[in-house]
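Student: Submitted below is the structure of interest, expressed as structure tokens.
The values are calculated or read from the model by the stated rules, or taken from the named source; none is laboratory data. Quick caveat: nothing in here was measured; it's all calculated off a predicted structure. All Cβ positions, glycine included, derive from the backbone under ideal geometry; neighbour counts span all protein chains shown. Please note that ligands, DNA and RNA were not included when accessible areas were found on the heavy atoms of the full protein model with its side chains. Shrake-Rupley method; radii C 1.70, N 1.55, O 1.52, S 1.80 Å.
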Amino acid sequence: MLKPAITLIAGGTGSAKLLRGFGNQVRKDLNVIVNVGDNFTFYGLRVCPDVDIAMYALAKIQNTRRGWGIHADKFDFMDQLARYGEEAWFRLGDRDLAATVLRTLWLNSGMSLTQVTQRFCNALGIRHRLLPACDDALETWVQTDRGDVHLQEFWVGRGGNDRVLGISYHGLEDANPGEGVLDALSTSRAIIICPANPVSSIGPILAVRETRMALQESKAVRIAVSPIIGAAPISGPAAAFMKASGQEISVLGVARAYQDFLDYLVIDTSDKNKVDDIRELGITPLVRNIKMNTSADEAAMAFYLLRQIRSR
Ligand code: FO1
């Protein structure tokens, strides 16, 4: 009989650390449902940053220092755009550009994002199932004191400096779970929410009604790793987004965001004073060091989660 799979729900650079850890421990039988809210169109090209971050992490070709893009890539294309006086704020590497051009062509020819992603994964020798959360356009936009902008423009283009008034997911009304997403969730023995921004990375995935319902109804062990230590996110704009969404910027805010389905929340040892409050929400806290600064930390975290799954 087939051993039921483990499904990771992933966002961007924070999640990539755990994906790299798992990628080195689990050879197959791993599904990764990845955020699409960061997707945007740049020079007519469909850029899917979180899908690519996950893909390069699993293919072991990622620039691990930055957490995005391909190792040893160059930026000649972007630099040339800048010489023409054109926008070059989003640094698409030259090799990264190859996937972006092909994705745009293949999407335009009628392939779904899931099919396109599968084709890349086959070519890159990835044995895991990388599943975009949604095949429909679903984009995260930020309402700021300087107007509404796409998440990438807010964070990369403007350096995350504008005051955040709200977050919205454009296209949500027509968004369905991507091909294979519900199947992955229903056949998994464990579902892991990677350490990622609960609003802009995991938020768009869970905002799709059927996906959230599948998590609520799942019999799998559902574990999240906190992206927050103390009152600060490990990286990225989570604090501003959580605040604007009315969420507390702490492990409790994370616990509440997933309270309707979560069984376990892994929190940092420095947050162990929060264990009783987390338990009161019906979630079991698991306390350990959650910082992943080295590849050994990434592997250790994956190993720890696998041990937790096996013992339940
Ligand atoms: N993040 C940046 O901060 N600056 C960039 O120029 C940038 C380029 C980029 C290119 C391809 C890609 O797949 C990701 C890229 N990222 C860049 C990361 C990305 O903007 C975000 O970290 C994720 O979308 C967060 O989820």
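Student: Among the residues of the stretch 6-44, how many are more than 14 Å from Ile193 (Cβ to Cβ), open to solvent by 10 Å² or more (accessible area, probe 1.4 Å) and part of a strand (DSSP E or B)?
Tutor: Total meeting the criteria: 3.
Student: Kindly indicate which of Gly253, Gly236 is in contact (Cβ under 8 Å) with a residue 24 or more places away in the chain, over 16 Å from Leu8 (Cβ atoms) and in contact with a helix residue (DSSP H, G or I) (Cβ under 6 Å, 6 or more places away or on another chain).
Tutor: Working: Gly236 fails: in contact with a helix residue (DSSP H, G or I) (Cβ under 6 Å, 6 or more places away or on another chain).
Being in contact (Cβ under 8 Å) with a residue 24 or more places away in the chain, over 16 Å from Leu8 (Cβ atoms) and in contact with a helix residue (DSSP H, G or I) (Cβ under 6 Å, 6 or more places away or on another chain) holds for just one of Gly253, Gly236, which is Gly253.
Student: Related question: Do you know which of the residues in the stretch 245-269 that are hydroxyl-bearing (Ser, Thr, Tyr) and surrounded by 14 or more Cβ atoms within 10 Å (Cβ to Cβ) is nearest to Ala190 (Cα to Cα)?
Tutor: Step by step, filter the stretch 245-269, then rank; the result is Tyr264.
Student: Run down Asp52, Asp73 and say which single residue is over 21 Å from the mean Cα position of the chain (by Cα) and of a type outside the set (A, V, I, L, M).
Tutor: The unique qualifying residue is Asp73.
Student: Right, here's the next one. Identify, please: which residue in the stretch 200-221 is of a type in the set (Lys, Arg) and in a helix (DSSP H, G or I) and is, among those, least open to solvent (accessible area, probe 1.4 Å)?
Tutor: My answer is Arg212.
Student: Looking at (1) in contact with a strand residue (DSSP E or B) (Cβ under 8 Å, 6 or more places away or on another chain); (2) of a type outside the set (S, T, N, Q); (3) within 13 Å of the ligand (Cβ to nearest atom), find the lone condition where Leu58 falls short.
Tutor: Among (1) in contact with a strand residue (DSSP E or B) (Cβ under 8 Å, 6 or more places away or on another chain); (2) of a type outside the set (S, T, N, Q); (3) within 13 Å of the ligand (Cβ to nearest atom), the lone unmet condition for Leu58 is (3).
Student: So which of Gly282, Gly246 ends up being at positive phi, of a type outside the set (Ser, Thr, Tyr) and modelled with pLDDT under 95?
Tutor: It is Gly246.
Student: While we're here: Residues to consider are Arg127, Arg91, Arg146, Arg103; find the one that is more than 20 Å from Gly236 (Cβ to Cβ), surrounded by fewer than 17 Cβ atoms within 10 Å (Cβ to Cβ) and among the basic types (Lys, Arg).
Tutor: Values: Arg91 fails: more than 20 Å from Gly236 (Cβ to Cβ); Arg146 fails: more than 20 Å from Gly236 (Cβ to Cβ); Arg103 fails: surrounded by fewer than 17 Cβ atoms within 10 Å (Cβ to Cβ).
Answer to the check: Arg127.
Student: Got a sec? Which of Ala224, Ala239, Ala184 is in a helix (DSSP H, G or I), closer than 23 Å to Arg310 by Cβ and outside the structural domain of Gly159 (by TED's automatic domain parsing)?
Tutor: Ala184
Student: Does Ile228 fit the bill of being more than 13 Å from Val199 (Cα to Cα) and in contact with a Ser or Thr (Cβ under 7 Å, 6 or more places away or on another chain)?
Tutor: no
Student: Assuming Met292 fulfils every condition listed in (1) in contact (Cβ under 8 Å) with a residue 12 or more places away in the chain; (2) open to solvent by 50 Å² or more (accessible area, probe 1.4 Å); (3) in a loop (DSSP other than H, G, I, E, B); (4) over 16 Å from Val199 (Cα atoms) apart from one, which condition is it?
Tutor: Condition (2) is where Met292 drops out.
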